[in-house]
Amino acid sequence: MRDKLREFMSGRYGSDQLGRFTMGVGLVSLILYMFFHIRILYWITLLCLIWYYWRALSRDHSKRSEENLRFLQIEERITGRFRTAKKEFSQRRDYRFYSCPNCHQRIRVPRGHGRISITCPRCRNEFIRKS
Ligand SMILES: [Zn+2]
């Protein structure tokens, strides 16, 4: 029995960050479902479970790690945005933050200098803002 299980599990992909995230979403939706009995949450939980096990039991390691990598990139983009927002919020007394209208680079300028011309350090685009 044990050998059968080991044989079944050998070469399987197993868990990764995307897997744990899927499980987390499934768990949260399960808990919400228990409280609110909203049908869609039940299906989300089920889909998360199925997807988690489908990926964990998969033998196509390269496809699965590719998915995981894509997930990590998206996660980094989101957490990076939060980090930036947090940093800008903590410096809001001394600095103003603008996005370059041309390339969207975030630019920090000291407050209290009236209307100033800002040159984007990335693309050299110039624009006027209140500091
Ligand atoms: Zn720019």
Report task. For residue 86, list the lysines whose Cα falls under 27 Å from its own Cα; do not include residues on the same chain fewer than 8 positions away. Result -> 130
Report summary line: The long-range amide H neighbours of residue 95, using H built 1.01 Å from N in the peptide plane and a cut-off of under 5 Å, are 111
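Within the accessible area of the chain, what % is carbon and sulfur when the probe is 1.4 Å and the other protein chains stay in place? The partial results should precede the final answer.
Numbers: 6150 of 10310 Å².
Answer for the chain is 60 percent, counting heavy atoms of protein chains only.
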Report summary line: Note to self, the chain gives a 222 nm [θ] from helices alone (DSSP H runs n ≥ 4, -39500 (n - 2.57) apiece, / all residues, nearest 500) of -20000 deg cm²/dmol
**Report entry** Residue-level accessible surface for residue 43, protein heavy atoms, 1.4 Å, Å²
**Finding:** 130
Report task. Report ³J(HN,Hα) in whole Hz for each residue of region 52-57, in order, from the Karplus equation J = 6.51 cos²θ - 1.76 cosθ + 1.60 where θ = phi - 60°; Gly and Pro get x. Result -> 4, 5, 4, 6, 5, 8
Requested in this report: Taking only protein heavy atoms into account and a 1.4 Å probe, give the accessible area per residue of the chain in Å².
Outcome: 79
Requested in this report: Could you give log10 I(q)/I(0) at q = 0.19 Å⁻¹ for the chain, computed by the Debye formula over C-alpha point scatterers of equal weight, without solvent?
Outcome: -1.04
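Could you sort the peptides 35-41, 66-72 by per-residue average Cβ neighbour count (10 Å cutoff), highest mean leading? Intermediate results must be reported in sequence, preceding the final value.
Working: 35-41: 10.4, 66-72: 14.3.
With the highest mean Cβ count within 10 Å placed first, the list reads 66-72, 35-41.
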Requested in this report: Just report the Cα centroid separation between region 66-131 and region 1-53, whole Å.
Outcome: 38
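The values are calculated or read from the model by the stated rules, or taken from the named source; none is laboratory data. It should be emphasised that the depicted structure is a prediction, and the values quoted were computed from it without experimental measurement. Using ideal geometry, Cβ is built from the backbone for each residue, glycine included, and neighbour counts are taken over all protein chains shown. All accessible areas refer to the heavy atoms of the entire protein, side chains included, with ligands and DNA or RNA removed. Shrake-Rupley method; radii C 1.70, N 1.55, O 1.52, S 1.80 Å.
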